[in-house]
1. Would you pick out the residues in the range 101-155 that are outside any helix (DSSP H, G or I) and among the basic types (Lys, Arg)?
2. Provide a single number: the residues in the range 114-155 that are basic (Lys, Arg) and under 24 Å from the mean Cα position of the chain (by Cα).
3. Quick check, is Tyr69 at pLDDT below 80, among the hydroxyl-bearing types (Ser, Thr, Tyr), buried (at least 16 other Cβ atoms within 10 Å of the Cβ) and closer than 20 Å to Phe113 by Cα?
4. Within the range 16-36, which residues are exposed (fewer than 14 other Cβ atoms within 10 Å of the Cβ) and not acidic (Asp, Glu)?
5. Mind counting the residues in the range 13-44 that are assigned to a strand (DSSP E or B) and either at pLDDT 85 or above or closer than 14 Å to Glu121 by Cα (or both)?
6. Among the residues of the range 47-65, is any surrounded by 15 or more Cβ atoms within 10 Å (Cβ to Cβ), of a type in the set (A, V, I, L, M) and over 19 Å from the mean Cα position of the chain (by Cα)?
7. Anything in the range 81-133 that is of a type in the set (Phe, Trp, Tyr), farther than 15 Å from Thr25 by Cα and modelled with pLDDT under 85? List them, or say none.
Amino acid sequence: MNKTDGIKIICKNRKAFFNFEVEDTFEAGIVLLGSEVKSLRAGKVNLSDSYAKVIDGELFLVDAHISPYEQANRQNHDPLRQRKLLMHAREIRKLLGKTAERGYSLVPLKLYFKNGKVKVELGLAKGKKAYDKREAIRKKDERRELERMAKYRER
């Protein structure tokens, strides 16, 4: 959990950058229950298969798994419930227009605390094709090999 300028990162969605080409990012607040915030502080969250969508002019985070808080017995939350995201109406309309275009999605990139409030960084993303993913893996392997060779030369 990194801490920079009052920001404490809870969780990053590493799969998002592999599966999508992120074009733009947005910050949104999120409506949570008390037991959900406690679970977030413990780092028990998974964003890998989640996405955001607009329903009746409101933005919701879907399929984000926040594990139940173990000390909250009867007052616990549903781990996969839809959570409302807080943005200005004009920003939501702008996102709705962009996601209506073919191939664009709203993907959560990271979840973090900012001045005591939980925020979500959303990315306006376009899905990568299989050959783009293979290209990314190839570049990553080449970079790793070059680093390995440079380290070997230093000896």
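1. Matches in the range 101-155: Arg102, Lys110, Lys114, Lys117, Lys119, Lys126, Lys128, Lys129, Arg155.
2. Quick first cut of the range 114-155, residues basic (Lys, Arg) only: 114, 117, 119, 126, 128-129, 133-134, 138-140, 143-144, 148, 151, 153, 155.
Those still in the list that are under 24 Å from the mean Cα position of the chain (by Cα) too: 114, 117, 119, 126, 128-129, 133-134, 139-140.
Here the count works out to 10.
3. Numbers: at pLDDT below 80: yes; among the hydroxyl-bearing types (Ser, Thr, Tyr): yes; buried (at least 16 other Cβ atoms within 10 Å of the Cβ): yes; closer than 20 Å to Phe113 by Cα: yes.
Against the criterion (at pLDDT below 80, among the hydroxyl-bearing types (Ser, Thr, Tyr), buried (at least 16 other Cβ atoms within 10 Å of the Cβ) and closer than 20 Å to Phe113 by Cα), Tyr69 qualifies.
4. Across the range 16-36, the qualifying residues are Phe18, Thr25, Val31, Gly34.
5. Restricting attention to the range 13-44, the residues satisfying the condition of being assigned to a strand (DSSP E or B) are 20-30.
With the extra rule that they be either at pLDDT 85 or above or closer than 14 Å to Glu121 by Cα (or both), the set shrinks to 22-30.
Qualifying residue count for the region: 9.
6. Scanning the range 47-65, I find no residue that is surrounded by 15 or more Cβ atoms within 10 Å (Cβ to Cβ), of a type in the set (A, V, I, L, M) and over 19 Å from the mean Cα position of the chain (by Cα), so the answer is no.
7. Residues of the range 81-133 of a type in the set (Phe, Trp, Tyr): 104, 112-113, 131.
Checking which are farther than 15 Å from Thr25 by Cα leaves us with 113, 131.
Within the range 81-133, Tyr131 is the sole residue that qualifies.
A quick yes/no check of all residues on (1) closer than 22 Å to Glu21 by Cβ; (2) touching a residue at least 60 places away in the same chain (Cβ under 8 Å); (3) among the charged types (D, E, K, R):
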| residue | (1), (2), (3) |
| --- | --- |
| Leu47 | yes, yes, no |
| Ala52 | yes, yes, no |
| His65 | no, no, no |
| Asn76 | no, no, no |
| Arg81 | no, no, yes |
| Lys119 | no, yes, yes |
| Lys133 | yes, yes, yes |
| Ala136 | yes, yes, no |
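The values are calculated or read from the model by the stated rules, or taken from the named source; none is laboratory data. What you are looking at is a predicted structure, and each value in this text was computed from that prediction instead of being measured. Glycine gets a Cβ as well: all are built from the backbone with ideal geometry, and neighbour counts include every protein chain shown.
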